[in-house]
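The structure under discussion appears below in the form of structure tokens.
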Amino acid sequence: MTETPTGGIPGSSRGGRIEPVELQVEMQRSYIDYSMAVIVGRALPDVRDGLKPVHRRVLYAMYDGGYRPDRGFSKCARVVGEVMGQYHPHGDSAIYDTLVRLAQPWVMRAPLVDSQGNFGSPGNDPAAAMRYTECKMAPLAMEMVRDIDEETVDFTPNYDGRSQEPTILPARFPNLLVNGSAGIAVGMATNIPPHNLREVAEGVQWALANPEAGREELLEALLARVKGPDFPTKALIVGRQGI
Amino acid sequence: MSEETISPSTSPELAAVPSYDASAIQVLEGLEAVRKRPGMYIGSTGERGLHHLVWEVVDNSVDEALAGYCDRIVVTVLDGGGVEVVDNGRGIPVDIHATEGIPAVTVVLTVLHAGGKFGGGGYKVSGGLHGVGVSVVNALSKKLEVEIRRDGYRWTQSFTYGVPDGELVRHEETSETGTTTRFWASEDIFETTDYSFETITNRFREMAFLNKGLEIVVRDSRRQAAEIIDAVEDATVEAEDIAPATEPHRSEEGILERTFKFDRGLVDYVEHLNRRRDPAHPTVIDFEAEAAANSSSGLSLEVAMQWNTGYTESVHTFANTINTHEGGTHEEGFRSALTSLVNNWGEEWGLIKKKEDRVSGDDVREGLTAIVSVKLSEPQFEGQTKTKLGNTEAKGFVQRVVNDQLGDWLEKNPAEGKDIVRKAMSAAQARIAARKARELARGRKGLLGGGGLPGKLADCQSTNPEECEIFVVEGDSAGGSAKGGRDPRIQAILPIRGKILNVEKARIDKVLANNEVQAIISALGTGIHDEFDLEKLRYHKIVMMADADVDGHHIRTLLLTLLFRFMKPLIEAGYVYLAQPPLYRLRWNKPHDHEFVYSDAEREAVQKAGVEAGKKLPKENPVQRYKGLGEMNPDELWDTTLDPDNRLLLQVTLEDAAQADEMFSILMGEDVEQRRSFIQRNAKDVRFLDI
């Protein structure tokens, strides 16, 4: 296979060379690649739809695959397969964990997935394996993807270029504020508490009605409408100063 | 001595040779001896000796402070190689000395072994006793001026190489007291007269810490100092974020000036040392004690200590404000009291239940920052550099005081005491675990290299390390492809699962207990750290073959950290390589073969060339992006990445170990702040963003 100097396969000839690379340079390069990828594309949510890429892919795959609120439940394994095969080339357990969290009412202020079966408990019990549990989109999740086919958002090719995926979901409500988000990237992290959907919606309506409002004014109006974080597990906030 | 030299009637030839007779025996009088053999008095004529002159002069002022008469010392480095030391002490006595018949200040400055520190009520304790006093400084200076404010007048006298230029002159009246000494070290005696401001600053910062309440001002009025002032300022402001008093500032004349004054003394010192670390308990423990007034030793002790969450011990001991690097009796006393006290207290409170759970001295001192400062009237220094205290009475005294006072503190602060005992116990556990793990790792190295190898290693047939290669691959999926595609004669495959431990952040026992790390260490066969032996390396090419995605890059950094921290000689010797698997496959339609490319640029070029050559790509999935090595067939992996005649390897080289060291601690260490700013600075260099 290696008799010819160009190698066995055209385009792969590199002649058995050894090139030096400085340890520091390689460390720096690899680390930057990794950390930037984690920061931009994994651990931190997009402010527009409040979703990390894996969440977005799960929701879009469920929408695209027809696991909609008006139909019956489907096995989670089918959804996970869909997501993994089409959009998210990573481990199945990571995808299933994401799906489970989207459905747990004590994690999400407004769950985006309806569940059927053992999805764990607040006491840290794990959900049943994905071959047992079933799911479909929650009605609210339809608001995240409404009019997505009307060219409202940009699409990019997926990882193998066979299909398209949205870069962002056309969220109808400020999901980042409603459901919050927590993520640890490299060198930076995020932690946003969830808020009450009705309060946030009122705030948004005020902001739309008063587009001229200055920053100070807007902040004041929002503080009047959104009283503070609203945790799904119920919580007593000690000290109102920081709100 | 030969016959000829005694006889006067010797031949003229011999007379020309300097004869070695009674006339050749010189008696060096006083300061003459200092000039001939400066090394005997100040250690060297290099930079160290030069700075020693400053210490010697300032020590005198500090002695005034110790005696309670001085609270401010200003040290200025002058342009032209001079140094000025101003204090507000009592001033050197100016009255006529009874036996010498000249003013006392002239005696102090011109007669060796003259001073107020040999008993006689001048000083009780003194830091300057190890030296021979300011007369040595005088002897080695081309010029020395002294100005004394005392007894209602200002007095001055100047010297050249220790010889008075004239009498002590009385000037105008003044109500102030104090001494100003200005000296210019001789260029003929010293190799350099360029003082390091950094050295001086560090020394006097320490001095200020050790002398509670004493204000020491360090100034640099040299011309070049003004030029570099900005650079220094930048650097020092960053380094000094604890005590605002020490922030350097430019005075009006453009002089670099720093003031040190610490009202809490050693407590401030401990906080200063711990400023970059997390304390393990909130309080800085401090106590002091003095020996009974009637005892002749004049012993007193000050201790400040605090444990931090780090793993290194930093116990600094001082005797009469001299840093005793080599320890000595006071350190022994401190250590033995500390160890037995922590153990006894732990047993009393039921934390240490069994005899074998008792912790060792090293365990107790893990993460301890402590300053032990003793003062005594007759210090004896031993050791190579005269920095080891030899007074036997110090040991018993320190031991007793620490036992009493720290015991008291523990009784009063049981919560913090428990934290300390627990920390010591976890250190003990770690020590035992590390030893076990090391023994395990050592036991695995069989003579033939077989038997004890990790189960997952697919070893090669050859036993000649020079031709052997080991590929460390990511995950069993990739391991399968690699095992199928390799040349089993010389290529070994070691799959590791997922992301290995970050060794930068974990303690050694955790690292050695980690399965993947154990597998790598035993597969390579060299051992780690002290037991590292390059001869035992089983493969001369250690190739890291991670997937070409971002997680692969992360694993690569983790592996490099492991190798750098535990087996650095491997990198230094150039045995570490990186494999370069292809990124894409172009699936040309039949009858053309598929092509592999290794970068985005290459993909575009090859694709273009191919299309021009009349080749067609299929509509469906024309270009496959490899996410993992497991996607490749074994033969493809061989062709593209493993085949020694056809692959590209990157050899990892180490050019600057110190810089690399810093890089590792920024990227993989505990300090998030540093890491973030690094990422922000370098974000633009990202090669590919891949989600």
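The alpha carbon gyration tensor of the stretch A:135-212 gives principal lengths a ≥ b ≥ c with a/c of 1.5 or higher and a/b no greater than b/c, which makes the shape oblate. Which percent, nearest 5, of DSSP beta bridges in the stretch B:266-434 are antiparallel? Looking only at bridges with both residues in the stretch B:266-434, the antiparallel portion is about 75 percent.
Solvent exposure of the stretch B:547-688 amounts to 43 Å² per residue of accessible area, where only protein heavy atoms count and the probe is 1.4 Å. Relative to the longest principal axis of the Cα atoms of chain A, the long axis of helix A:53-65 makes an angle of roughly 80 degrees. Per residue of A:33-45, other chain Cβ atoms within 10 Å of the residue Cβ number 6 on average. Ignoring solvent entirely, what values of log10 I(q)/I(0) come out of the Debye formula for the protein assembly as shown at 0.10 Å⁻¹ when each Cα is a single scatterer? Each listed q maps to, in turn, -1.24.
Which order do you get for B:SER186, B:SER477, B:SER426 if you rank them by accessible area with a 1.4 Å probe, largest at the top? Provide the component values of the computation, followed by the final result.
Numbers: B:SER186 0, B:SER477 90, B:SER426 40 Å².
Listed by decreasing accessible area, they come as B:SER477, B:SER426, B:SER186.
How large is the dipole of the stretch A:179-228 about the Cα centre if only Lys and Arg carry +1 and Asp and Glu carry -1, each at its Cβ, rounded to the nearest 20 debye? The partial results should precede the final answer.
Numbers: 4 positive and 6 negative charges, 47 e Å.
Result for the stretch A:179-228 is approximately 220 debye, rounded to the nearest 20.
Couplings for the stretch B:463-474, taken from phi via the Karplus curve 6.51 cos²θ - 1.76 cosθ + 1.60 with θ = phi - 60°, read 10, 8, x, 5, 9, 7, 10, 10, 9, 8, 10, 8 Hz in order; Gly and Pro are left as x. Here the Karplus relation 6.51 cos²θ - 1.76 cosθ + 1.60, evaluated at θ = phi - 60°, turns the backbone of the stretch B:179-184 into coupling constants of 10, 10, 10, 10, 9, 10 Hz, with x for every Gly and Pro. Spin-label model, B:GLU620 to B:LYS436: label points 7 Å out along the Cα-to-beta-carbon direction sit 5.7 nm apart. Note on B:ASP194: accessible area is roughly 80 Å² with a 1.4 Å probe, heavy atoms of protein only. Within the protein assembly as shown, antiparallel bridges make up roughly 70 percent of the DSSP beta bridges whose residues both belong there.
Does any residue of the stretch A:184-218 lose at least 30 Å² of accessible area with all protein chains in place compared with its chain alone, and if so which ones (probe 1.4 Å)? Residues of the stretch A:184-218 that lose at least 30 Å² of accessible area once the other chains are added: A:GLY187, A:MET188.
Solvent-accessible area of the stretch B:459-615 (1.4 angstrom probe, protein heavy atoms only): carbon and sulfur portion equals 44 percent. In the frame of its principal axes, the stretch B:266-434 has Cα extents of 43, 32, 28 Å, reported largest first.
Calculate, for the stretch B:318-391, the solvent-accessible area per residue in square angstrom, rolling a 1.4 angstrom probe over the heavy atoms of the protein chains.
Accessible area per residue: 40 Å².
Just counting partner chain Cβ atoms within 10 Å, what average do the residues of peptide B:551-557 show around their Cβ? It would help to have the intermediate numbers written out before the result.
Values: counts 5, 3, 9, 8, 2, 7, 10.
Going residue by residue through B:551-557 and averaging, the value is 6.
Scanning residues 5 or more positions from B:ALA546 or on other chains, those with amide H under 5 Å from its amide H are B:ALA579, with H placed 1.01 Å from N in the peptide plane.
Quick check for you: with a 1.4 Å probe and neighbouring chains kept, what is the accessible area per residue of chain A, in Å²? Write down the numbers at each step before the final one.
Working: 12710 Å² over 243 residues.
I get 52 Å² per residue for this part.
Kindly state, as a whole number, the per residue volume in cubic angstrom of the convex hull around the alpha carbon atoms of the stretch A:86-243.
Details: hull volume 28.2 nm³, N = 158.
For the stretch A:86-243, the hull spanned by Cα atoms encloses 179 Å³ per residue.
Here the stretch B:258-279 and the stretch B:167-187 have alpha carbon centers that stand 34 Å from each other. Quick one: plug the Kirkwood hydrodynamic radius of the stretch B:592-691 (C-alpha pairs) into Stokes-Einstein at 37 °C, 0.692 mPa s, and report D in µm²/s. Answer, rounded: 185 µm²/s.
Less than 5 angstrom separates the built amide H of B:VAL372 from those of B:HIS316, B:THR317, B:PHE318, all sequence-distant by 5 or more or on a different chain. Within the stretch A:41-184, DSSP assigns beta bridges of which about 100% are antiparallel (rounded to the nearest 5).
In Å² (nearest 100), what accessible area is buried between A and B, both sides summed, heavy protein atoms only, 1.4 Å probe?
Details: alone 15340 and 34290 Å², together 44710 Å².
Result for this pair: about 4900 Å² buried.
In the protein assembly as shown, helices alone account for a calculated mean residue ellipticity at 222 nm of -11500 deg cm²/dmol, with every DSSP H run of four or more residues adding -39,500 (n - 2.57). Our note on the geometry: Cα centres of the stretch B:330-405 and the stretch B:483-540, 40 Å apart.
The values are calculated or read from the model by the stated rules, or taken from the named source; none is laboratory data. The model shown is predicted, which means the values in this text are computed figures rather than measured ones. Because the Cβ atoms are built from the backbone with ideal geometry, glycine has one as well, and the counts that use them run over all protein chains shown. Remember, those area values only see protein heavy atoms, side chains included, never the ligands or the DNA or RNA. Shrake-Rupley method; radii C 1.70, N 1.55, O 1.52, S 1.80 Å.
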